[in-house]
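Student: I have a structure here, written as structure tokens, and I will follow up with some questions on it.
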Amino acid sequence: MSTKPRIVLGIESSCDETAVALVASDRTILAQQVASQVAEHAPYGGVVPEIAARAHAEKLAPMLGSVMREAGLTLADCDAIAATAGPGLIGGVMVGLVTAKALAMASDTPLMAINHLEGHALSPRLADPALEFPYLLLLVSGGHCQILLVEGVGDYRRLATTIDDALGEAFDKSAKILGLGYPGGPALERLAKQGDPQAVPLPRPLAGSSEPHFSFAGLKSAVLRAKESGRHADADIAASFQQAAIDCLTDRLEHALDRIDPPPHLVVAGGVAANQSVRTALEGLASRRAMGFTAPPMALCTDNAAMIAWAGCERLPLGQFDRLDVAARPRWPLDPAAEPARGAGVKA
Ligand code: KG4
Ligand code: ZN
């Protein structure tokens, strides 16, 4: 007897991408759209929260209509409506969550308030049916840099976090120093391809440390000094920055792996997972340690709504729904029991 796949509508609006998707529990992405706000924020060199919230409010309703039409479905076909409820820029999160609440109420469909980080954490399972729990996740995005042991849906143990900047943030700030504009990560990766990764001596903060955590602020400052010295080509600075960042990632992962037995499957997710050199380095690390490695397709790495709908699909069998008065949360750690990292600012 075959059971009919269940369908979840996903909404993402926590940063500068407005996204809507319909995903079935058999891992079919029935329809999805992502509207980037790059043009709106580019003149300011970064995301302006108020502009982001307004853009989400303008784009979301028409996108919902067009995604439903593309899939040939109505809300009556959906088993749940899943929206990002945090962490993120609160104005944008509220636009998405309130829209989801209104749709849920009007159509009498259950609501799910999804943690954006849980969306990233489970996204590799949307693309790869063979990926089972537990796995070791490197979550690298614009707002976070964490190593997590993913034991199951809703069961995340944070092993490491950044004590200052997130990795995506370090890419973006370094790109800005090099005059590459916004968004910086992909532009820096392109420039790095033309440079020599050994040309500029840059620090690897916390590499070799007995603490588990990451730090990128000193690396970014060193990029600024290298640029201001006028002694290096921009492409060499970009390539050397990217190599230093990758060395930090692999060093911290080695530190975590030395304390886990048996070796877990290694997974990377989040916007920086779209970086080809990062993927290649992690693949190398996994193969040296005889571990499996999974990186989701590029489109699932950067912010999207398919991962939010998929997190909803994962929660359906657990019956984890939320009430219509659930609050949007600007901060929302995946592992609430994790101790703050020493010296960490608000991002821990
Ligand atoms: O996951 P994401 O789309 O949004 C957040 O939840 O933060 O991640 C965005 C971050 C940005 O900092 C962006 O510069 C970075 O991911 N990023 C990249 C690349 N593509 C996106 N960083 C390095 N190389 C890339 N190819
Ligand atoms: Zn994200």
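Student: Looking at the stretch 255-262, can you tell me whether even one residue there is touching a helix residue (DSSP H, G or I) at 6+ places or on another chain (Cβ under 8 Å) and open to solvent by less than 40 Å² (accessible area, probe 1.4 Å)?
Tutor: No; the residues of the stretch 255-262 include none that is touching a helix residue (DSSP H, G or I) at 6+ places or on another chain (Cβ under 8 Å) and open to solvent by less than 40 Å² (accessible area, probe 1.4 Å).
Student: Continuing with the same structure: Scan the stretch 112-123 residue by residue and report those that are of a type in the set (A, V, I, L, M, F, W, C) and assigned to a strand (DSSP E or B).
Tutor: M112, A113, I114
Student: So which of P317, P296, P340, P330 ends up being over 14 Å from the mean Cα position of the chain (by Cα), over 29 Å from P203 (Cα atoms) and outside any helix (DSSP H, G or I)?
Tutor: P330
Student: Kindly list the number of the only condition in (1) open to solvent by 10 Å² or more (accessible area, probe 1.4 Å); (2) within 24 Å of T280 (Cβ to Cβ); (3) more than 23 Å from the chain's Cα centre (by Cα) that fails for S240.
Tutor: Answer for S240: the failing condition is (1).
Student: Have a look at R279, R289 and point out the one that is outside the structural domain of M63 (by TED's automatic domain parsing), more than 21 Å from A170 (Cβ to Cβ), surrounded by fewer than 22 Cβ atoms within 10 Å (Cβ to Cβ) and among the charged types (D, E, K, R).
Tutor: Testing whether each residue is outside the structural domain of M63 (by TED's automatic domain parsing), more than 21 Å from A170 (Cβ to Cβ), surrounded by fewer than 22 Cβ atoms within 10 Å (Cβ to Cβ) and among the charged types (D, E, K, R) leaves just R289.
Student: Continuing with the same structure: For the structure I just gave you, tell me whether G142 is outside the structural domain of P186 (by TED's automatic domain parsing), touching a Gly at 6+ places or on another chain (Cβ under 8 Å) and within 11 Å of ligand 1 (Cβ to nearest atom).
Tutor: no
Student: Any residue at all in the stretch 207-214 that's modelled with pLDDT of 95 or more and surrounded by 21 or more Cβ atoms within 10 Å (Cβ to Cβ)?
Tutor: Yes, the stretch 207-214 has at least one match.
Student: Report yes if some residue within the stretch 172-180 is open to solvent by less than 40 Å² (accessible area, probe 1.4 Å), under 25 Å from P336 (Cβ atoms) and at pLDDT 95 or above; otherwise report no.
Tutor: The answer is no; no qualifying residue exists.
Student: Regarding L324, is this residue touching a residue at least 12 places away in the same chain (Cβ under 8 Å), more than 25 Å from A24 (Cβ to Cβ) and either open to solvent by 30 Å² or more (accessible area, probe 1.4 Å) or not β-branched (V, I, T) (or both)?
Tutor: no
Student: Also, quick follow-up: Anything in the stretch 83-124 that is under 28 Å from K4 (Cβ atoms), within 13 Å of ligand 1 (Cβ to nearest atom) and surrounded by fewer than 24 Cβ atoms within 10 Å (Cβ to Cβ)? List them, or say none.
Tutor: N115, E118
Student: Further question: Being under 22 Å from V38 (Cβ atoms) and either away from ligand 2 (no atom under 16 Å from the Cβ) or within 17 Å of the chain's Cα centre (by Cα) (or both): is that true of E189 here?
Tutor: yes
The values are calculated or read from the model by the stated rules, or taken from the named source; none is laboratory data. Just so it is clear, the structure is predicted and the values come from calculations on it, not from any experiment. Please note: Cβ atoms are built from the backbone with ideal geometry, for glycine as well, and neighbour counts cover all protein chains shown. All accessible areas refer to the heavy atoms of the entire protein, side chains included, with ligands and DNA or RNA removed. Shrake-Rupley method; radii C 1.70, N 1.55, O 1.52, S 1.80 Å.
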